[in-house]
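Right, one structure below, let's go through it.
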Amino acid sequence: MSPAFVLEVQTNREEEELVESHEYHDGVKHLCERGLAKVPRKYILPALERPFMSKKDGATNLKLPVIDLAKLQGPDRVHTLKSLSKACEEYGFFQLINHGIASESILNMFQAARKFFELPFEERSKYMSKDQSAPVRYGTSFNQNKDSVFCWRDFLKLSCHPLSDVLPNWPSSPAELRQAVVNYSKETKILEFEDGSQLIVANFYPSCPEPDLTLGMPPHSDYGFLTLLLPDEEVKGLQIQHEGRWVTVEPIPNSFVVNVGDHLEIFSNGRYSSVLHRVLVNPIKSRMSIASLHSLPFNSMIRPSPKLISDANPRRYMDTDFASFIGYMASHEHKNKNFLESRRLTQQGDA
């Protein structure tokens, strides 16, 4: 076989992969709409990273600690705060009930998001952007610019701070989307930082012909202080790493799944740890979830609380901000807790 022929074959293969890669950037839903009987190579995880690596993985459903928000306002406040602290220390996750968010707002948010993903590709693709700080982004995978293997997810990310500035950038179709997100944003912010940052992410995971080969989202931690998640109550998929194994979260109706983010781990100087979680996909049904990520304002510096630093508990993390996170995400493949690890002090002391 001549070197020229080998070079030609190699060049053709590279060109084919480049074309395929561009198609993958259009999103999983777009691929599925064109018909898929198998998971494309771009989405197949290395054998050791696939779900259900062993029989024990995913075999157990987990009922997270339950926190009753209403009890924070009554005589059970101290006990509830202790339960909350324990949940954050032992699980990094909990379920929040009696949260006071109107069921109508939650339903409208879900319905509007679902209608967005049901729009024709040409309409959805108007909001595709490689700019990680854009006020609205429709995209796919986790970081489609860096991921070596794509995950089985499309998303719509909407920055919610300040609403008056970002609202004109949000999709105008479906017609009810903007008002549904505004109402939901205002209600959920009451639970968190009134003047802080908020990012709402609608996740869509199409049904998958070979769910054992891929993931809806790979193992990761969230970057903010706290994430309020509205899971799909009909289709399970969220798994957290607990006591060395992957377990599936069993959602409670009318509740939020809340988890500790990287910023809270930094602020608490490691007392509360952001926990790895991932998302399975379903062979029959599509799945949706709505995540609301809350933290301090975008221009704030996140650092360990001075009250929690002592000779016995030295400072463990350097200062960080959103610009550092965005810069890191733009240049790295996001895996596990690698951003947080980049902020960890290798030697104790001030940054």
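Scoring LEU199 on the criteria (1) touching a Leu at 6+ places or on another chain (Cβ under 7 Å); (2) more than 17 Å from GLN132 (Cα to Cα) leaves a single failure, condition (2). So which residues in region 155-203 are part of a loop (DSSP other than H, G, I, E, B) and modelled with pLDDT of 90 or more? Within region 155-203, CYS160, TRP170, PRO171, SER172, SER173, PRO174, ALA175, GLU176 qualify. For region 269-289, a tally of residues being open to solvent by less than 10 Å² (accessible area, probe 1.4 Å), touching a strand residue (DSSP E or B) at 6+ places or on another chain (Cβ under 6 Å) and either among the small types (Gly, Ala, Ser) or over 17 Å from PRO218 (Cα atoms) (or both) returns 2. Within region 31-61, being assigned to a loop (DSSP other than H, G, I, E, B), closer than 22 Å to THR248 by Cα and at pLDDT below 90 holds for PHE52, MET53, SER54, LYS55, LYS56, ASP57, GLY58, ALA59, THR60. Out of curiosity, is HIS22 under 30 Å from PRO283 (Cβ atoms) and modelled with pLDDT of 90 or more? For HIS22, the condition - under 30 Å from PRO283 (Cβ atoms) and modelled with pLDDT of 90 or more - is not met. TYR138 meets the stated requirement of being closer than 30 Å to LYS29 by Cβ and buried (at least 17 other Cβ atoms within 10 Å of the Cβ). When VAL6 is tested against (1) assigned to a helix (DSSP H, G or I); (2) at pLDDT 90 or above; (3) of a type in the set (A, V, I, L, M, F, W, C); (4) open to solvent by less than 70 Å² (accessible area, probe 1.4 Å), only condition (2) is not met. Would you confirm whether any residue within region 302-314 is touching a residue at least 12 places away in the same chain (Cβ under 8 Å), open to solvent by less than 50 Å² (accessible area, probe 1.4 Å) and touching a Cys at 6+ places or on another chain (Cβ under 9 Å)? So far as region 302-314 goes, no, none of its residues is touching a residue at least 12 places away in the same chain (Cβ under 8 Å), open to solvent by less than 50 Å² (accessible area, probe 1.4 Å) and touching a Cys at 6+ places or on another chain (Cβ under 9 Å). Screening LEU119, LEU84, LEU64 for residues that are over 24 Å from ASN183 (Cβ atoms), in contact (Cβ under 8 Å) with a residue 12 or more places away in the chain, of a type in the set (A, V, I, L, M, F, W, C) and in a loop (DSSP other than H, G, I, E, B) leaves exactly one candidate, LEU64.
For region 71-88, taking the residues that are over 27 Å from the mean Cα position of the chain (by Cα) and of a type in the set (A, V, I, L, M, F, W, C), the one that is modelled with the highest pLDDT is identified as VAL78. Annotation: of all residues in region 178-212 being among the aliphatic types (A, V, I, L, M) and in contact with a strand residue (DSSP E or B) (Cβ under 9 Å, 6 or more places away or on another chain), the one that is farthest from LYS29 (Cα to Cα) is LEU191. Only one of the numbered conditions (1) more than 19 Å from the chain's Cα centre (by Cα); (2) among the aromatic types (Phe, Trp, Tyr); (3) open to solvent by less than 10 Å² (accessible area, probe 1.4 Å) is not met by TYR205, and that is (1).
The values are calculated or read from the model by the stated rules, or taken from the named source; none is laboratory data. From a predicted model like this one, the values you see are computed outputs, not experimental measurements. For neighbour counting, all protein chains shown are included, and Cβ atoms are generated from backbone atoms with ideal geometry for every residue, glycine included. The protein model used for the area step is the full one, side chains on, heavy atoms only, and it has no ligands, DNA or RNA in it. Shrake-Rupley method; radii C 1.70, N 1.55, O 1.52, S 1.80 Å.
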